[in-house]
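J.: Questions regarding the structure given below will be posed in turn.
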Amino acid sequence: MEIRMQFDELCRMLSDYVQVGYMEAVRAYEPTRDRVRQTEVKAWLKFMHADMELFRKLEKRGDIKARRIGKAVNSPLYYSKREIKQAMASVGMLRTVNDYGHPTRQPNATQRD
């Protein structure tokens, strides 16, 4: 299968995965910087220019999971920033591959003789 895509789409995908790699390194060396509280996730997603609706869908599917830090029932729930970014980047790549990989849905496709 041959996939052709716009250069800016390729750059966006590479940038997303570079960010995921950076976040993985941060998580390894400073685990507390990888966490975002459940109450702060909406603001963080807005800062990252991410879609809250997509976040909710990924959370419902189990691709993104909140974890409780502490043993008390009222301990705060935290999400992994890397996990969120990785799940969203994967969805973005799948959308791009599906859009460009399907001959009738190629954006700006040129006809061949």
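J.: Could you give the accessible area per residue of segment 1-55, probe 1.4 Å, as a whole number in Å²?
T.: I get 77 Å² per residue for segment 1-55.
J.: Pick out, in residue order, every one of the trypsin sites (Lys or Arg not before Pro) in segment 1-86 that is DSSP loop and has at most 16 other C-beta atoms within 10 Å; say none if there are none.
T.: 4, 65, 71
J.: Taking H as built 1.01 Å from N, whose amide H comes closer than 5 Å to the amide H of residue 68, not counting residues under 5 places away?
T.: Amide H neighbours of residue 68: 78.
J.: Are there any GluC sites (Glu not before Pro) in segment 5-80 that are in a DSSP loop and have at most 15 other Cβ atoms within 10 Å? List them by number.
T.: Answer in residue order: 40.
J.: How large is ³J(HN,Hα) for each residue in segment 7-13, as worked out from phi by the Karplus curve 6.51 cos²θ - 1.76 cosθ + 1.60 (θ = phi - 60°), to whole Hz, x for Gly and Pro?
T.: These are the phi-based 3J(HN,Hα) values: 4, 5, 5, 4, 4, 4, 5 Hz.
J.: Suppose R0 equals 35 Å. What FRET efficiency, 1/(1 + (r/R0)^6) with r the Cβ-Cβ distance, do residue 7 and residue 33 give to the nearest 0.05?
T.: The computed FRET efficiency comes out at 0.60.
J.: How much accessible surface does residue 99 have with a 1.4 Å probe, in Å² rounded to 10?
T.: Residue 99 has an accessible surface of roughly 70 Å² with all protein chains in place.
The values are calculated or read from the model by the stated rules, or taken from the named source; none is laboratory data. Everything quoted here is computed from the prediction, not taken from an experiment. Cβ atoms come from the backbone with ideal geometry, glycine included; neighbour counts cover every protein chain shown. The area values use the complete protein model at the heavy-atom level, side chains included, leaving out ligands, DNA and RNA. Shrake-Rupley method; radii C 1.70, N 1.55, O 1.52, S 1.80 Å.
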